[in-house]
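The values are calculated or read from the model by the stated rules, or taken from the named source; none is laboratory data. What you see is a predicted model; the values in this text were computed from it and never measured. With ideal geometry, Cβ positions are generated from the backbone for all residues, glycine too; neighbour counts draw on all protein chains shown. Surface areas here come from the heavy atoms of the whole protein model, side chains and all, with no ligands, DNA or RNA. Shrake-Rupley method; radii C 1.70, N 1.55, O 1.52, S 1.80 Å.
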Amino acid sequence: MQSTARKRSTPTRPGDRIFRGTSIAAALTILATLAGVALFLTIEGIPGVLASPDEVKHGTTFIDYVVPLVFGTLLAAVLALALAIPVAIGVALYISHYAPRRLASTLGYIIDLLAAVPSVVYGVWGISFLATALVPVYSWLERTLGFIPLFAGPPSATGRTILTASIVLAVMVLPVITALCREIFLQTPRLHEEAALALGATRWEMARLAIFPYARSGIISASMLGLGRALGETMAVAMVLSASGVITFNLISSTNPSTIAANIALTFNEATGLTVNALIASGLVLFLITFLVNFAARAIVERRKDFSGAN
């Protein structure tokens with residue numbers, strides 16, 4: 001019986017064999033590319049990690065150099081997700097279950113178009129409009145909530161702060177998370193929704209009890225995909241953020257941490273010698289952070305699936 005089942009699962013037609021071979025080749029190509037990138041970053045980055053402060057332009061050890069960049073990268077990405085996820089879930093739920101068909105279709109097209117806007121355009125919008133518009137808001141936050149370290153001030157006179165960069169990142173990742181959540185919400189079994197409504201639940205209670213539990217794994221996956229884009233975004237952050245390379249939780253000050261990607265983009269052209277290797281090593285750190293984030297997200301999704309199946 002096992003040999004018969006094995007023979008049946010083995011492709012026999014030429015088209016099946018070609019498709020199977022093409023699929024395997026594509027998967028191996030992805031793995032080989034990922035391994036090649038990791039190998040290049042490791043080989044080229046090690047000299048920068050081992051370099052003494054006198055041999056690099058930043059004049060510090062690699063740990064002292066990269067820790068503020070990691071802090072700024074994570075801070076900007078976490079703030080962006082905190083701003084984007086609630087809005088994205090709300091918009092996706094409205095499009096999938098509340099909006100009229102015509103309006104839902106139009107909003108869906110708009111969301112998809114926003115995802116295709118180049119990051120440079122978001123950067124121009126952030127530096128020319130958003131940063132200026134937020135200056136009075138930052139002054140108000142400092143006067144009203146200055147006792148909180150996040151808004152201690154003094155507020156930036158240009159608006160080019162880590163909070164402004166995070167808002168731009170939130171707008172950039174919003175279409176990605178919204179589009180994925182919308183498709184996931186539409187896959188909720190109709191019988192689950194009708195059962196909740198038949199038991200007297202309101203539309204919000206139906207969404208809370210039937211849609212969100214079913215879509216929980218998908219929401220996590222969409223959020224992690226948005227986080228991956230926020231971690232690696234370069235041009236928009238480099239254009240908006242006035243970075244000083246420090247560690248601070250003050251979100252409205254002109255003294256801001258920088259991100260790894262923005263730092264590489266701004267300093268790579270002027271770097272020479274081991275400074276280039278240090279920048280490549282910082283890219284390796286970003287590569288590892290992104291890998292760990294995706295690995296953790298996959299583990300969370302799989303655990304949620306197992307937990308749902310056990311229930």
Quick one: how many residues across the stretch 24-39 are open to solvent by 50 Å² or more (accessible area, probe 1.4 Å) and touching a residue at least 12 places away in the same chain (Cβ under 8 Å)? 1
Quick one: is PHE212 at pLDDT below 85, open to solvent by 20 Å² or more (accessible area, probe 1.4 Å) and of a type outside the set (Gly, Ala, Ser)? no
Check VAL117, VAL121 and return the single one that is part of a loop (DSSP other than H, G, I, E, B) and within 20 Å of the chain's Cα centre (by Cα). VAL117
Closer than 21 Å to THR158 by Cα and exposed (fewer than 15 other Cβ atoms within 10 Å of the Cβ): does that describe VAL121? yes
Subset of the stretch 43-60, residues of a type outside the set (Lys, Arg) and touching a helix residue (DSSP H, G or I) at 6+ places or on another chain (Cβ under 6 Å), comes to GLU44, GLY45, PRO47, GLY48, VAL49, ALA51, GLU55, VAL56, HIS58, GLY59, THR60
Counting only residues that are farther than 25 Å from ILE162 by Cβ and of a type in the set (S, T, N, Q), how many does the stretch 37-75 have? 2
Residues that are in contact (Cβ under 8 Å) with a residue 24 or more places away in the chain, of a type in the set (Phe, Trp, Tyr) and farther than 30 Å from ILE289 by Cβ, drawn from the stretch 183-228: TYR214
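Condition check ((1) surrounded by 15 or more Cβ atoms within 10 Å (Cβ to Cβ); (2) hydroxyl-bearing (Ser, Thr, Tyr)) across all residues:
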site	(1), (2)
GLY48	yes, no
PRO53	no, no
HIS58	yes, no
LEU69	yes, no
LEU74	yes, no
ALA82	no, no
LEU93	yes, no
HIS97	yes, no
SER105	no, yes
Just the residues that are assigned to a helix (DSSP H, G or I), over 15 Å from SER254 (Cβ atoms) and hydrophobic (A, V, I, L, M, F, W, C), please, taken from the stretch 138-149. TRP140, LEU145
How many residues are free of Cβ contacts under 8 Å to residues at least 12 places away in the same chain and more than 25 Å from the chain's Cα centre (by Cα) if we restrict to the stretch 125-142? 3
Positions within the stretch 248-299 being within 20 Å of MET235 (Cα to Cα), open to solvent by 20 Å² or more (accessible area, probe 1.4 Å) and assigned to a loop (DSSP other than H, G, I, E, B), in sequence order: SER254, THR255, PHE268, ASN269, GLU270
Of everything in the stretch 95-112, what is of a type in the set (A, V, I, L, M, F, W, C) and free of Cβ contacts under 8 Å to residues at least 24 places away in the same chain? Give them in sequence order. ALA99, LEU103, ALA104, LEU107, ILE110
Return yes or no: is ALA133 farther than 20 Å from GLU233 by Cα, exposed (fewer than 15 other Cβ atoms within 10 Å of the Cβ) and among the aliphatic types (A, V, I, L, M)? yes
Looking at the stretch 201-247, which of its residues are within 17 Å of the chain's Cα centre (by Cα) and part of a loop (DSSP other than H, G, I, E, B)? GLU233, THR234
Which numbered condition trips up ASP64, out of (1) more than 30 Å from ILE220 (Cβ to Cβ); (2) under 17 Å from the mean Cα position of the chain (by Cα)? (2)
Residues in the stretch 163-200 that are surrounded by 14 or more Cβ atoms within 10 Å (Cβ to Cβ) and part of a loop (DSSP other than H, G, I, E, B) total 1
Scan the stretch 150-161 and give yes if some residue there is assigned to a helix (DSSP H, G or I), open to solvent by less than 70 Å² (accessible area, probe 1.4 Å), over 20 Å from ASN263 (Cα atoms) and not aliphatic (A, V, I, L, M), otherwise no. yes
